[in-house]
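The values are calculated or read from the model by the stated rules, or taken from the named source; none is laboratory data. Because the structure is predicted, anything quoted here is derived from the model rather than measured. Glycine gets a Cβ as well: all are built from the backbone with ideal geometry, and neighbour counts include every protein chain shown. Note: areas computed on protein heavy atoms with side chains; ligands, DNA, RNA excluded. Shrake-Rupley method; radii C 1.70, N 1.55, O 1.52, S 1.80 Å.
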Amino acid sequence: QKNVCLTSWRITVMDGNTAICVEGKRKDMEGMLWHSNAIVECIAHNQVRSSSGSIYLLQGNIDSASMRKEGFPYRFIKRFTYGFSKRWKEYVEEFLEERRR
């Protein structure tokens with residue numbers, strides 16, 4: 001599987017508030033905006049795997065400004081500033097649960 005490198009990346013919520021995906025500019029496609037399938041695994045803080053098996057390399061810090069505009073709480077964004085932590089699933093679950101209320 002080819003790694004997809006994303007810059008200016010951010011987290012977005014998938015339909016039905018059931019999962020998250022990552023979105024960003026693809027280096028190999030002249031900065032075209034791209035988004036992944038649902039994120040299912042964190043390999044390293046800047047490397048995640050989607051449900052389709054693609055591996056995403058997240059370059060630089062999260063694009064917190066655009067996430068704030070989308071209405072993400074500061075507390076949530078802060079946890080992903082430098083990428084995905086070991087506890088990313090917990091944070092996402094908690095966040096999605098709040099959204100579904």
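A few points about this structure:
- Residue ID - least open to solvent (accessible area, probe 1.4 Å), chosen from residues in the range 62-101 that are within 15 Å of residue 14 (Cα to Cα) and in a loop (DSSP other than H, G, I, E, B): 72
- Criterion violated by residue 43 - all others in (1) surrounded by 15 or more Cβ atoms within 10 Å (Cβ to Cβ); (2) in a strand (DSSP E or B); (3) of a type in the set (A, V, I, L, M) satisfied: (1)
- Among the candidates 20, 55, the residue that is closer than 18 Å to residue 99 by Cα and touching a strand residue (DSSP E or B) at 6+ places or on another chain (Cβ under 6 Å) is uniquely 20.
- In the range 29-40, residue surrounded by the fewest Cβ atoms within 10 Å (Cβ to Cβ) [restricted to those that are in a loop (DSSP other than H, G, I, E, B) and in contact with a Cys (Cβ under 8 Å, 6 or more places away or on another chain)]: 38
- The residues in the range 10-22 that are open to solvent by 30 Å² or more (accessible area, probe 1.4 Å) and part of a strand (DSSP E or B) can be counted, and the count is 2.
- Test result for residue 59, open to solvent by 50 Å² or more (accessible area, probe 1.4 Å) and polar (S, T, N, Q): yes
- For the criterion of being without any contact (Cβ under 8 Å) to a residue 24 or more places away in the chain, open to solvent by less than 20 Å² (accessible area, probe 1.4 Å) and touching a strand residue (DSSP E or B) at 6+ places or on another chain (Cβ under 8 Å), residue 26 passes.
- Close pairs (6 angstrom Cβ cut-off, 6 or more residues apart or separate chains): more than 10 Å from residue 17 (Cα to Cα) and at pLDDT 95 or above in the range 76-101, part of a loop (DSSP other than H, G, I, E, B) and open to solvent by less than 90 Å² (accessible area, probe 1.4 Å) anywhere: 80/62; 83/46; 91/79
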